[in-house]
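The following block contains the structure, expressed as structure tokens.
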Amino acid sequence: MTYHFKPIVRGIFSGEVVYIQPFSFWGGVSIDNGELIQKGHPNRGLCIKNKILAVKNLIGSSSSSSVLLELIRKNIAPKAIFLENIDAITCMGSIIAEQIGLDPLPIYQGGNLKDLHRKTVKVENDKINFAKI
Amino acid sequence: MSNFIDLTKEETSFRNLGIKNAFEIVAKAAEFLGTKKLVKITSAHTDSCLYFGESGLMFAKKLSELGAEVAVPTSMNVGSLDLLHPELIQSKRDTKIKAQQLLNYYEGFGCEAIYSCAPYQISNRPEKGDYCAWGESNAISFINSVLGAKSNRCGDFMDICCAIAGYAPYYGLLIDENRKPNIILSLNKISKSLQNQKIFYPLLGAVIGRVSQNQIPIVIDHYLKFNEDSLKSLGAAAASTGDIGLYHIDKVTPEANKYSHLIHQLPVIEITDEMMLDEWKFLGNGKSGDKIDCIALGSPHFSYDEFCEVYQLLPNKKFTIPFYICTSRFVYNLLTEQNMLQKFQKCGVTIVTDTCVVVTPILKNIKGTLMTNSGKFANYSLPNTGYKSVFGSLLDCIKTAMTGKLVCDDLSL
């Protein structure tokens, strides 16, 4: 099966994808260790540090850009994010990282994200390859 | 002169490098969001002044050194300090210093230092049809839904960059076509008596956010009324449980009548008592007599009218548990002028200004149970403060504060 993803912020990364329900960086992710702490979230307790996340959309506060940026600075951010709905909040966290000399968070846009769960992905900018474990 | 910039065509000149830098960030964001057009804005509200760590400070410093200043009236959201009552904040000294530096940078950009998440009830109040670049999810929801202004949900940094550039990416909720509802929520099955309660609004807001997620809802078959504070609490809750930047309420909010023809074309979701109860459980519904450690009101920041309501309900003795009300310095000054502060102090109420209890360490312990009438506080209390939440009406919060044991008389589902 082929997947079509549009690179929003290009990056080079590989690893296993984790599909999770929408969450908010602010109030949903610990700025101390990258743990998902959102109330009632099915993956509460998951550490998103270095994970390749697939999530339909992000929810909640506009402070999420600041939280994402701070996670990037502390090296506890996700490795990359696949999103169905691109939002300004996540984009800005990534854009500003570059502005202050940090590596931006790679963001790729596409559908059927649920299918990506536990697949391994290898991404080099515009080249995206998936394999089933 | 056109209010739009076509990024593929026009050459733009800038007064200084800071403005150029902010403009380029806005243009890059526009590209990511799939638009080549920017639109001139009339106001901004920036949430970027809330301190989260070095990174935000690094960016503000960069813009400041390049000479950036805002091009449109821009209000500041809460910071992580209470500048009128600094003793309330339990952060480390170094954090406080950096949080202050961050506020200083934003004031240096020419932002108005109101430090409030309800600027629309103070000095920054857009009009219907105005293009804006606002941060702070409750404020975005309010100006879109209640005032009929147009703003996307700007993340931190987007708000200040648009404020400095004077332009915002033209996409999403700035385009009329994208403001029409695509999900209909009927309150046909909810009793009139429940809908008449003030506490119904934030609870309904939380349900709306949960059900609608990133769609635009219109609420029909209801008994809701236009009350600013009630709609403020509804929108704040909806934005915290869902991705809601705009909602419509038939016959109540300013744009709803434009869409009455759609009401019969879209599938209808009926909100049920069960959905309301599930949401109440999620926000915290405790049992009568449960131990409550503190009360927290004021998310979004309390208005003067809300203080007047509490004032009437205050007992003649001191509350037995900590009782916090978060508000702006603007409203705090009104309370001072009206000689109302003393009665609050006598009851042991701590009035928090410039910030709030879920964005900065104010609560005495690292865990416990907090009672609130705010859907937003209830949603963010546990992750941000370690306190479990119980959600109840204002009157029940006050009764509970008398003994420290939960009273839940008002809300019954």
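Which strands (runs of 3 or more DSSP E) sit wholly inside the range B:1-52 and have at least 3 residues that are out of contact with any Pro (no Cβ under 8 Å at 6 or more places or on another chain)?
Details: elements: B:4-6, B:37-40, B:43-46.
Answer list for the range B:1-52: B:4-6.
B:ILE216 is checked against (1) assigned by TED's automatic domain parsing to the domain that holds B:ASN365; (2) under 30 Å from B:TYR115 (Cα atoms) and fails just one. What number does that condition carry?
In the conditions (1) assigned by TED's automatic domain parsing to the domain that holds B:ASN365; (2) under 30 Å from B:TYR115 (Cα atoms), B:ILE216 misses (1) alone.
Would you mind stating whether B:ILE175 is touching a residue at least 12 places away in the same chain (Cβ under 8 Å) and of a type in the set (A, V, I, L, M, F, W, C)? First the steps, then the outcome.
Numbers: touching a residue at least 12 places away in the same chain (Cβ under 8 Å): no; of a type in the set (A, V, I, L, M, F, W, C): yes.
Considered against the rule, which asks whether it is touching a residue at least 12 places away in the same chain (Cβ under 8 Å) and of a type in the set (A, V, I, L, M, F, W, C), B:ILE175 comes out as no.
Per-residue answers, yes or no, for (1) small (Gly, Ala, Ser); (2) closer than 16 Å to B:LEU297 by Cβ; (3) more than 25 Å from the chain's Cα centre (by Cα); (4) assigned to a helix (DSSP H, G or I):
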position: B:MET371; (1), (2), (3), (4): no, yes, no, no
position: B:LYS376; (1), (2), (3), (4): no, yes, no, yes
position: B:TYR380; (1), (2), (3), (4): no, yes, no, yes
position: B:PRO383; (1), (2), (3), (4): no, no, no, yes
position: B:LYS388; (1), (2), (3), (4): no, no, no, no
position: B:LEU395; (1), (2), (3), (4): no, yes, no, yes
position: B:THR400; (1), (2), (3), (4): no, yes, yes, yes
position: B:VAL407; (1), (2), (3), (4): no, yes, yes, no
position: B:SER412; (1), (2), (3), (4): yes, no, yes, no
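Still on this structure: For residues in the range B:8-26 being surrounded by fewer than 19 Cβ atoms within 10 Å (Cβ to Cβ) and hydrophobic (A, V, I, L, M, F, W, C), which is modelled with the highest pLDDT?
We begin by selecting, within the range B:8-26, every residue surrounded by fewer than 19 Cβ atoms within 10 Å (Cβ to Cβ); these are B:8-17, B:20, B:24.
Now restrict to residues that are hydrophobic (A, V, I, L, M, F, W, C): B:14, B:17.
Working: B:PHE14: 91, B:LEU17: 96.
In this case the residue turns out to be B:LEU17.
Would you mind finding the one in A:LYS39, A:LYS79, A:LYS74 that is modelled with pLDDT of 95 or more and facing chain B (nearest Cβ under 8 Å)? Talk me through it step by step, then tell me what you get.
Numbers: A:LYS39 fails: modelled with pLDDT of 95 or more; A:LYS79 fails: facing chain B (nearest Cβ under 8 Å).
That would be A:LYS74, the only listed residue that is modelled with pLDDT of 95 or more and facing chain B (nearest Cβ under 8 Å).
Further, regarding this structure: How about the range A:37-61: which of its residues are within 28 Å of B:PRO300 (Cβ to Cβ) and part of a loop (DSSP other than H, G, I, E, B)?
First, pick out the residues of the range A:37-61 that are within 28 Å of B:PRO300 (Cβ to Cβ): A:37-41, A:44, A:55-61.
Those that are within 28 Å of B:PRO300 (Cβ to Cβ) and part of a loop (DSSP other than H, G, I, E, B): A:ILE37, A:GLN38, A:LYS39, A:GLY40, A:HIS41, A:ARG44, A:LYS56, A:ASN57, A:LEU58, A:ILE59, A:GLY60, A:SER61.
Filter the range A:1-25 for residues that are farther than 23 Å from A:THR120 by Cβ and out of contact with any Gly (no Cβ under 6 Å at 6 or more places or on another chain); which is nearest to the other protein chains (Cβ to nearest Cβ)? So that I can check it myself, show each step before the final result.
At the first step, the residues of the range A:1-25 found to be farther than 23 Å from A:THR120 by Cβ are A:22, A:24-25.
Going one step further and asking which of them are out of contact with any Gly (no Cβ under 6 Å at 6 or more places or on another chain), we end up with A:22, A:25.
Working: A:PRO22: 7, A:PHE25: 9 Å.
The residue in question is A:PRO22.
Spot the failing condition for B:LEU83; the list is (1) more than 24 Å from B:ASN333 (Cβ to Cβ); (2) touching a residue at least 24 places away in the same chain (Cβ under 8 Å), and only one is missed.
It fails just one condition, (1).
A further question on this structure: List, please: which pairs have Cβ atoms under 7 Å, are six or more places apart or on different chains, and start with a residue in the range B:141-166 that is aromatic (Phe, Trp, Tyr) and surrounded by 24 or more Cβ atoms within 10 Å (Cβ to Cβ) and end with one that is assigned to a loop (DSSP other than H, G, I, E, B) and at pLDDT 95 or above?
Here the result reads B:PHE157/B:SER48, each pair linking the range B:141-166 to a residue that is assigned to a loop (DSSP other than H, G, I, E, B) and at pLDDT 95 or above.
In addition: Among the residues of the range B:137-187, how many are within 14 Å of chain A (Cβ to nearest Cβ), charged (D, E, K, R) and more than 18 Å from B:SER123 (Cα to Cα)?
Qualifying residue count for the region: 2.
Do you know which residues across the range B:356-374 are over 17 Å from B:MET402 (Cβ atoms) and touching a strand residue (DSSP E or B) at 6+ places or on another chain (Cβ under 7 Å)?
Kept after step one, since they are over 17 Å from B:MET402 (Cβ atoms), are these residues of the range B:356-374: B:356-368, B:374.
Result: B:CYS356, B:VAL357, B:VAL358, B:ILE362, B:LEU363, B:LYS367, B:GLY368, B:SER374.
Going residue by residue through the range B:88-99, is there one that turns out to be at pLDDT below 95 and not acidic (Asp, Glu)? Quick ask: steps written out before the conclusion?
Narrowing the range B:88-99 to residues at pLDDT below 95: none.
No, there is no match, as no residue in the range B:88-99 is at pLDDT below 95 and not acidic (Asp, Glu).
Provide a single number: the residues in the range B:269-284 that are more than 17 Å from B:GLN213 (Cα to Cα) and surrounded by fewer than 20 Cβ atoms within 10 Å (Cβ to Cβ).
5
Within the range B:65-74, is there a residue that is modelled with pLDDT of 95 or more, within 20 Å of B:SER137 (Cβ to Cβ) and more than 10 Å from every other protein chain (Cβ to nearest Cβ)?
yes
Away from chain A (no Cβ under 14 Å), closer than 16 Å to B:PRO322 by Cβ and of a type outside the set (A, V, I, L, M): which single residue out of B:GLY404, B:GLY386 fits that description? Explain how you work it out, then say what you get.
On the way: B:GLY386 fails: away from chain A (no Cβ under 14 Å).
Only one candidate qualifies: B:GLY404.
Another question about this same structure. I want to confirm something. Restricting to the range B:229-245 and keeping residues that are more than 14 Å from chain A (Cβ to nearest Cβ) and surrounded by 24 or more Cβ atoms within 10 Å (Cβ to Cβ), which single residue is nearest to B:GLU279 (Cα to Cα)? Lay out the reasoning, then the answer.
So in the range B:229-245, the residues more than 14 Å from chain A (Cβ to nearest Cβ) come out as B:229-234.
From what's left, surrounded by 24 or more Cβ atoms within 10 Å (Cβ to Cβ): B:232-234.
Working: B:LYS232: 18, B:SER233: 15, B:LEU234: 13 Å.
This residue is B:LEU234.
So, B:PHE226, is that one surrounded by fewer than 16 Cβ atoms within 10 Å (Cβ to Cβ) and of a type in the set (Phe, Trp, Tyr) or not? Working first, answer last.
Values: surrounded by fewer than 16 Cβ atoms within 10 Å (Cβ to Cβ): yes; of a type in the set (Phe, Trp, Tyr): yes.
Against the criterion (surrounded by fewer than 16 Cβ atoms within 10 Å (Cβ to Cβ) and of a type in the set (Phe, Trp, Tyr)), B:PHE226 qualifies.
Among the residues of the range B:106-144, which ones are closer than 19 Å to B:ASP354 by Cα and either assigned by TED's automatic domain parsing to the domain that holds B:TYR332 or among the basic types (Lys, Arg) (or both)?
Listed by number, the list holds a single entry, B:ARG125.
Having 1 or more residues that are among the aromatic types (Phe, Trp, Tyr) is the bar; report the helices (runs of 4 or more DSSP H) wholly within the range B:132-205 that clear it.
Numbers: elements: B:137-145, B:158-165, B:192-195.
Once the helices (runs of 4 or more DSSP H) in the range B:132-205 are filtered for at least 1 residues that are among the aromatic types (Phe, Trp, Tyr), what remains is B:137-145.
Out of all the residues in the range A:90-133, which are away from chain B (no Cβ under 14 Å), part of a strand (DSSP E or B), touching a residue at least 40 places away in the same chain (Cβ under 8 Å) and not basic (Lys, Arg)?
If the condition is that a residue be away from chain B (no Cβ under 14 Å), part of a strand (DSSP E or B), touching a residue at least 40 places away in the same chain (Cβ under 8 Å) and not basic (Lys, Arg), then A:THR120, A:VAL121, A:VAL123, A:GLU124, A:ILE128, A:PHE130 are the ones that fit.
Tell me, which residue of the range A:52-71 that is more than 7 Å from chain B (Cβ to nearest Cβ) and at pLDDT 95 or above is nearest to B:GLY155 (Cα to Cα)? Step through it out loud before you land on a result.
Step one: filter the range A:52-71 for residues more than 7 Å from chain B (Cβ to nearest Cβ), giving A:52-56, A:58, A:68, A:71.
Restricting the remaining residues to those that are at pLDDT 95 or above gives A:52-55, A:68, A:71.
On the way: A:ILE52: 22, A:LEU53: 20, A:ALA54: 20, A:VAL55: 18, A:LEU68: 11, A:LEU71: 15 Å.
In this case the residue turns out to be A:LEU68.
Please enumerate the residues belonging to the range A:1-20 that are loosely packed, with under 13 Cβ neighbours inside 10 Å and more than 18 Å from A:ILE95 (Cα to Cα).
If the condition is that a residue be loosely packed, with under 13 Cβ neighbours inside 10 Å and more than 18 Å from A:ILE95 (Cα to Cα), then A:MET1, A:THR2, A:HIS4 are the ones that fit.
The values are calculated or read from the model by the stated rules, or taken from the named source; none is laboratory data. The shown structure was predicted, so the numbers you read here are calculated from the model rather than taken from an experiment. All Cβ positions, even for glycine, are placed from backbone atoms using ideal geometry, and neighbour counts span all protein chains on display.
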